[in-house]
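What follows is a short report on a single structure.
The values are calculated or read from the model by the stated rules, or taken from the named source; none is laboratory data. Note that the structure is predicted; figures quoted are calculated from it, not measured. Virtual Cβ from ideal backbone geometry, glycine too; neighbours counted across all protein chains shown. Just so you know, the surface numbers come from the protein's heavy atoms only, side chains and all, with ligands and any DNA or RNA stripped out. Shrake-Rupley method; radii C 1.70, N 1.55, O 1.52, S 1.80 Å.
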Amino acid sequence: MTRAVWTVWRKELLDAWRDRRTLWTVLASAVAVGPLALVLLSTLVADLEARAQAREVWAVGLAHAPTLRNFLERQTWTVHDAPASYEPALREQRLAHPVLVVGDDFEDALAHGRAPVVEVVSASGNARAEAGAAQLLQLLAGFNQEQATLRLAVRGVPASMLEAVRVQPRDVAEPGQRAAQLTAMLPFFVLLAVLYGALNAALDTTAGERERGSLEPLLANPVPPLSLVVGKWAAVTTVAVVLALLAAFGFLPGQWLLASDALAALLRYGAGEALRFVALLVPLAAAASALMMAVAIRSRSVKEAQASTTLVVLAISLLPLVTLFGQRGEQPWHLWVPGLAHSVLMTRVLRGQALAAPDVLLPAAVCVALTGVALASVARALRGSALR
């Protein structure tokens, strides 16, 4: 039986290697997309950092508010005149900065103790302008505090009267946790590489064999159906694990191209983390390969099998979104769900947290059980009426 499994495994891997076009397509879509997305994210972060360091304000009517202009310049902010058509420019994302709009009566209202109205104009659909709006609002809050302090000082009231409570923010998150918020895409893309690698190989070894008419002659050989199933499954799992290796280690050279120094300093991802990713994903690759084969073996054509197995890929790849939309953090039941459990564990690796043995063994045991059930289903399909 061992010799038969080895023979089938070699045969399936050789067939996968011969289909170079599909192989390169999978490599490009599943392996290269992750590092490219990381580089694009770093470019966005670098752009936000550059605009924050530039300290620029686009304003309308600031000539009527020399007091406010003086405050902005003392804070080392550079003032620019906003274009006349700033509203459509913000809506159409041609202007990447919020606009400060000051009324004509600003100085008169300020001198008589009234609160002049200023507007911070932005567009919720313009992400770059929205990011700058929060910073501009904080700057105006500083101007308000300064004016209030001056008014109290004129009346001989200590400025401490403004502060009933002194608020001091303190961030207790570790650097790995802060970095994981920006690099949460890494586990997702490595997980996708496993699923898409298993998808194409599983389709070819089951529905592809049937469509080409080579499955029936293969079954005519004096080899137990279980040996054929295990050999095919081992080949599919091998392809999935190889793609996981390429995807996990593909992020290492991608870090050389990061445009954001802050993101590069926060990112804790090296060869050790890549190896942990792959080790965690081996049981999932085995279970996903077996499950896709069990679905595809009951299809009459590759097209039909592709439609069915795509649902499996979507279900497993979308499960990690539970932690994204959930507000309660990690839950114990997450480790019982394949895909979700592996995303949780890979996120822990990015945060630099130690992985407890029970937390690793539990999802692995679930994957082993799922693999056994799926392989038994494939073997039963080969023996029964599914081929007739």
Count, please, the residues in the stretch 205-226 that happen to be in a loop (DSSP other than H, G, I, E, B) and of a type in the set (A, V, I, L, M).
2
Top-ranked residue of the stretch 118-150 - restricted to ones that are out of contact with any helix residue (DSSP H, G or I) (no Cβ under 7 Å at 6 or more places or on another chain) and modelled with pLDDT under 80, ranked as farthest from Gly61 (Cα to Cα)
Ala127
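Going by what's in this entry, would Ala271 be described as at pLDDT 85 or above and either closer than 22 Å to Val360 by Cα or open to solvent by less than 20 Å² (accessible area, probe 1.4 Å) (or both)? Don't jump to the end; show me each part of the working.
Working: at pLDDT 85 or above: no; either closer than 22 Å to Val360 by Cα or open to solvent by less than 20 Å² (accessible area, probe 1.4 Å) (or both): yes.
So Ala271 does not fit the description; no.
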Any chance the stretch 303-322 includes a residue that's on the phi > 0 side of the Ramachandran plot and small (Gly, Ala, Ser)?
no
Could you list, in sequence order, the residues of the stretch 82-107 that are surrounded by 13 or more Cβ atoms within 10 Å (Cβ to Cβ) and more than 38 Å from the chain's Cα centre (by Cα)?
Val102, Gly103, Asp105, Phe106, Glu107
Every residue from the stretch 110-128 that is farther than 18 Å from Leu72 by Cβ and either open to solvent by less than 40 Å² (accessible area, probe 1.4 Å) or within 40 Å of the chain's Cα centre (by Cα) (or both):
Ala123, Ser124, Gly125, Asn126, Ala127, Arg128
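If you go through the stretch 233-245 one residue at a time, how many are under 19 Å from Ala376 (Cα atoms) and open to solvent by 10 Å² or more (accessible area, probe 1.4 Å)? Give the steps one after another, and end with the answer.
Quick first cut of the stretch 233-245, residues under 19 Å from Ala376 (Cα atoms) only: 233-237.
After this cut, where a residue has to be open to solvent by 10 Å² or more (accessible area, probe 1.4 Å) as well, the list is 233-234, 237.
Counting residues in the stretch 233-245 that are under 19 Å from Ala376 (Cα atoms) and open to solvent by 10 Å² or more (accessible area, probe 1.4 Å) gives 3.
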Please go through the stretch 43-72 and give me each residue that is open to solvent by less than 30 Å² (accessible area, probe 1.4 Å) and modelled with pLDDT under 70, ordered by number.
Val45, Ala46
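Right, Val229: in a helix (DSSP H, G or I), open to solvent by less than 10 Å² (accessible area, probe 1.4 Å), among the β-branched types (Val, Ile, Thr) and modelled with pLDDT of 85 or more or not?
Working: in a helix (DSSP H, G or I): yes; open to solvent by less than 10 Å² (accessible area, probe 1.4 Å): yes; among the β-branched types (Val, Ile, Thr): yes; modelled with pLDDT of 85 or more: yes.
When the stated conditions are applied, Val229 passes them.
For every residue, the table says whether it meets (1) of a type outside the set (A, V, I, L, M, F, W, C); (2) over 22 Å from Arg91 (Cβ atoms).
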| site | (1), (2) |
| --- | --- |
| His112 | yes, yes |
| Pro116 | yes, yes |
| Ser124 | yes, no |
| Arg128 | yes, no |
| Ala141 | no, yes |
| Leu152 | no, yes |
| Val157 | no, yes |
Go through the stretch 100-135 and report how many residues are within 20 Å of Ser85 (Cβ to Cβ) and in a helix (DSSP H, G or I).
5
For the stretch 53-99, give me the residue count where each residue is part of a helix (DSSP H, G or I) and touching a strand residue (DSSP E or B) at 6+ places or on another chain (Cβ under 8 Å).
10
I need a count of the residues in the stretch 361-384 that are of a type in the set (D, E, K, R) and either open to solvent by less than 20 Å² (accessible area, probe 1.4 Å) or in contact (Cβ under 8 Å) with a residue 60 or more places away in the chain (or both).
1
Looking only at the stretch 208-252, which residues are over 38 Å from the mean Cα position of the chain (by Cα) and touching a residue at least 24 places away in the same chain (Cβ under 8 Å)?
Leu215, Glu216, Leu219, Val223, Pro224, Pro225, Leu226, Ser227
